[in-house]
Amino acid sequence: MGRIETAELLRKYEHYLGVLEGWAQTWGGGQLDMLHSGEVFDILWLRDRLAEARLSETQGRALRRADELLIKHRAIVAANMPPRQEESPESRWWWHMDEDSVGTPRSGAAQFS
Amino acid sequence: MEPLYIELRLERAAGLRRLSSEAIAEMVQAIRSAKRLPRLGYHFAQHGAEMGAAREEDYEQAFREHLSQPRLRVFTYLRPRGRAPFWELVDPATGRTALYNERERDAWSFFTPTNAQARDHNTEGWWVEVVFREGSWEREEQWRWDV
């Protein structure tokens with residue numbers, strides 16, 4: 001796979017979560033099925049790449065907004081977690097959304113880095 | 001690999017051992033015969049663009065065309081939540097993937113992972129592959145994505 005530009009990574013991350021947000025209200029029962037483990041892996045893989053990317057201020061704000069949606073829908077993510085990556089420290093909170101004690105960003109300016 | 005997923009693979013492999021080659025063939029045929037995706041509007045919104053589909057009908061047509069491809073790799077696994085058995089038919093050339101929920105006996109989703117190789121490496125200790133070899137279906141627990 002070729003290198004994906006940061007803007008494209010961010011667009012895909014925002015798209016997943018924006019569609020999820022848009023449809024969640026009308027989904028009805030079985031909301032945990034709105035994502036499957038392949039999609040959750042994709043979202044978390046994208047978030048990993050964004051954590052390693054150099055973002056502009058505008059991109060940083062967009063990432064924070066998308067992260068807020070990820071946290072809002074954490075139950076759906078947690079219910080469909082794929083195997084955790086071996087190199088997933090707790091600072092990569094998005095890989096730990098199925099754990100009670102972690103899985104949300106730390107407070108402070110670096111929380112979304 | 002986390003112990004939960006190893007346990008799920010062992011349980012899935014044990015379940016497959018109880019199935020004859022003919023029973024697996026029937027399951028694969030049932031998946032390949034799927035015509036429609038439930039919650040089509042949602043799945044199209046999520047994945048239509050990545051499939052180059054401008055309309056829901058185009059996306060569903062791409063799903064049917066995918067299932068007719070001869071060289072799909074066939075995987076099965078237990079989903080951690082409720083241990084529902086799932087099947088995924090993956091085109092190794094494009095990463096396009098159709099999901100099928102065996103318990104619901106229905107197609108589930110159709111998508112392309114952004115990085116198909118990374119996704120499939122992530123599942124190597126969890127999924128079981130079924131392969132058609134010398135006239136019968138066999139399970140392959142120690143499969144590798146890169147072959």
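FYI, it's all coordinate maths here, none of it is from the lab. Keep in mind it's a predicted model, so treat the numbers as computed, not measured. Note that each Cβ is placed from the backbone with ideal geometry, even for glycine, and that neighbours are counted across all protein chains shown.
Compared with the dominant principal axis of the Cα atoms in chain B, helix B:56-67 is inclined by about 30°. Mean residue ellipticity, 222 nm, helices only, chain A: the sum of -39500 (n - 2.57) across DSSP H runs of n ≥ 4, divided by residue count and rounded to 500, is -16000 deg cm²/dmol.
The Cα center of the range A:1-67 and the Cα center of the range B:2-65 differ in position by 22 Å.
Derived value for the protein assembly as shown: Kirkwood hydrodynamic radius 19.1 Å. Basis is the mean of 1/r over every pair of different alpha-carbon atoms. Residue exposure proxy: A:ILE43, A:ILE76, A:ILE4, ordered by other Cβ atoms within 10 angstrom of their Cβ from fewest to most, comes out as A:ILE4, A:ILE76, A:ILE43. Under the simplified labelling scheme, the A:GLN85-B:ARG39 pair shows an inter-label distance of 2.5 nm, with each label point 7 Å from Cα along Cα→Cβ.
Annotation: amide H of B:TRP108 within the under-5 Å range of B:LEU99, B:TYR100, B:ASN101, sequence separation 5 or more or interchain, hydrogens built in the peptide plane.
Between 0 and 90 degrees, the angle of helix A:6-24 with respect to the longest Cα principal axis of chain A falls at about 20 degrees.
Taking a ≥ b ≥ c as the square roots of the eigenvalues of the Cα gyration tensor of the range B:1-131, is the shape rounded (a/c under 1.5), prolate (a/b larger than b/c) or oblate? Prolate.
In chain B, the calculated helix contribution to ellipticity at 222 nm averages -11000 deg cm²/dmol per residue, counting -39,500 (n - 2.57) for every DSSP H run with n ≥ 4.
Length available on full extension from B:GLU56 to B:PHE132: 0.36 nm per residue minus the Cα-Cα distance, which gives 24.1 nm. With the simple model of a label 7 Å out from the Cα in the direction of the Cβ, A:GLN25 to A:GLU68 spans 1.6 nm. The overall shape of the range B:90-137, judged from the alpha-carbon gyration tensor, is oblate: a/c is not under 1.5, and a/b is no greater than b/c. For chain A, rounded, prolate or oblate, judged on the Cα gyration tensor with a ≥ b ≥ c (square roots of eigenvalues), a/c < 1.5 rounded, else prolate if a/b > b/c? Rounded.
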